[in-house]
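**Student:** Take this structure, written in structure tokens, and hold onto it; I'll ask about it next.
The values are calculated or read from the model by the stated rules, or taken from the named source; none is laboratory data. All of these numbers come straight from a predicted model, not from anything done at the bench. Every residue, glycine as well, gets a Cβ built from its backbone with ideal geometry; the counts of neighbours run over all protein chains shown. Side chains included, ligands, DNA and RNA excluded: accessible areas come from the protein's heavy atoms. Shrake-Rupley method; radii C 1.70, N 1.55, O 1.52, S 1.80 Å.
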Amino acid sequence: MFSFINYPSLRLNEFIQFYQDFLKILGTNDPEILKVKSQYDDLHALVATLASYYKPELGSEITAELQELDAKRDSALHGIELQVKSYTYHYNDSIRLAANLLNKVFDHYGSGISRLNYQAETSTINSMIEKWESDQKYVDAITALNLSDWKTELKNINTNFNQRYLARIEENADNPETTAIELRVGITASYRNLMNYLQAYATLSTGGEYDKVIKLINELVDEYNKLIKSRSSSEQKAIPKMEGKETPAKEAAE
């Protein structure tokens with residue numbers, strides 16, 4: 001009588017939306033009259049809890065902020081490196097020697113710092129700045145090339161980036177994946193229990209009062225099953241037929 005939803009294939013946001021839509025159908029048809037008010041309340045509470053854990057808008061805000069800070073520190077790093085390299089051709093011997101000294105630091109860390117993943121780039125920049133600030137010869141070289149402001153800018157951005165990165169880790173820790181998994185299991189069990197009651201009452205009913213709800217629920221289930229099937233077909237077609245392709249090191253949306 002009732003169609004079955006392929007809930008394991010629903011993504012988390014789809015999973016939440018399906019059950020919110022399902023609860024809306026029951027809510028507008030009065031769970032009291034349908035004799036499933038207790039089961040409805042149980043499922044509603046679980047779905048509301050899962051929805052409160054799933055906050056993509058918060059995650060995307062921090063992710064966007066990290067991307068912006070990462071672009072700024074990359075620019076500062078490239079700016080310093082380009083100036084250092086240009087000064088290696090300077091006509092003044094002392095300026096050229098200072099530039100060659102700092103250029104060796106960039107050679108030591110490699111030219112792909114900005115392509116490292118977030119954590120590795122943060123650590124590398126910290127190490128580079130520590131070297132510049134702890135050894136007098138590098139302090140003098142930075143001063144000679146008038147790069148103190150650039151160095152301070154890079155240091156501040158890198159520190160700010162790391163603070164926001166840790167904030168996102170803390171946010172993710174407050175909403176662990178295991179919690180979502182456990183809630184999904186609980187919601188599925190609660191849904192099944194509610195559907196068992198609906199099925200039993202609909203079977204015993206002789207007045208057709210459950211016909212509308214059955215039709216609405218089946219239409220909802222059908223729409224989501226079509227979504228799953230359509231996505232699965234699209235993903236199969238989109239699988240690239242390339243092997244050995246490296247994954248970019250820089251996380252675009254950590």
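**Student:** Only one residue in Ser134, Ser86, Ser75 is within 26 Å of the chain's Cα centre (by Cα) and free of Cβ contacts under 8 Å to residues at least 24 places away in the same chain. Which one?
**Tutor:** Testing whether each residue is within 26 Å of the chain's Cα centre (by Cα) and free of Cβ contacts under 8 Å to residues at least 24 places away in the same chain leaves just Ser75.
**Student:** Tally the residues that are in a helix (DSSP H, G or I), without any contact (Cβ under 8 Å) to a residue 24 or more places away in the chain and loosely packed, with under 15 Cβ neighbours inside 10 Å, restricting the search to region 1-35.
**Tutor:** Of the residues in region 1-35, the ones in a helix (DSSP H, G or I) are 7-9, 12-28, 31-34.
Okay, now just the ones that are also without any contact (Cβ under 8 Å) to a residue 24 or more places away in the chain, so 8, 17, 24, 27-28, 31-32.
Keeping just the survivors that are loosely packed, with under 15 Cβ neighbours inside 10 Å gives 8, 24, 27-28, 32.
The total comes to 5.
**Student:** Next question. Given the condition in contact (Cβ under 8 Å) with a residue 12 or more places away in the chain and among the basic types (Lys, Arg), answer yes or no: does some residue in region 183-204 qualify?
**Tutor:** There is at least one residue in region 183-204 that is in contact (Cβ under 8 Å) with a residue 12 or more places away in the chain and among the basic types (Lys, Arg).
**Student:** Only one residue in Leu194, Leu183, Leu166, Leu216 is aliphatic (A, V, I, L, M), open to solvent by 90 Å² or more (accessible area, probe 1.4 Å) and at negative phi. Which one?
**Tutor:** Among Leu194, Leu183, Leu166, Leu216, only Leu166 is aliphatic (A, V, I, L, M), open to solvent by 90 Å² or more (accessible area, probe 1.4 Å) and at negative phi.
Condition check ((1) at pLDDT below 90; (2) of a type in the set (Phe, Trp, Tyr); (3) loosely packed, with under 11 Cβ neighbours inside 10 Å; (4) in a helix (DSSP H, G or I)) across all residues:
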residue	(1), (2), (3), (4)
Ala189	no, no, no, yes
Gly207	yes, no, yes, no
Ser233	yes, no, yes, yes
Pro248	yes, no, yes, no
Ala252	yes, no, yes, no
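**Student:** May I ask you to list the residues in region 179-229 that are among the charged types (D, E, K, R) and more than 26 Å from Tyr53 (Cα to Cα)?
**Tutor:** Result: Glu209, Asp211, Lys212, Lys215, Glu219, Asp222, Lys226, Lys229.
**Student:** While we're here: Would you mind stating whether Arg115 is touching a helix residue (DSSP H, G or I) at 6+ places or on another chain (Cβ under 9 Å), touching a residue at least 24 places away in the same chain (Cβ under 8 Å), of a type in the set (Lys, Arg) and over 16 Å from Glu153 (Cα atoms)?
**Tutor:** yes
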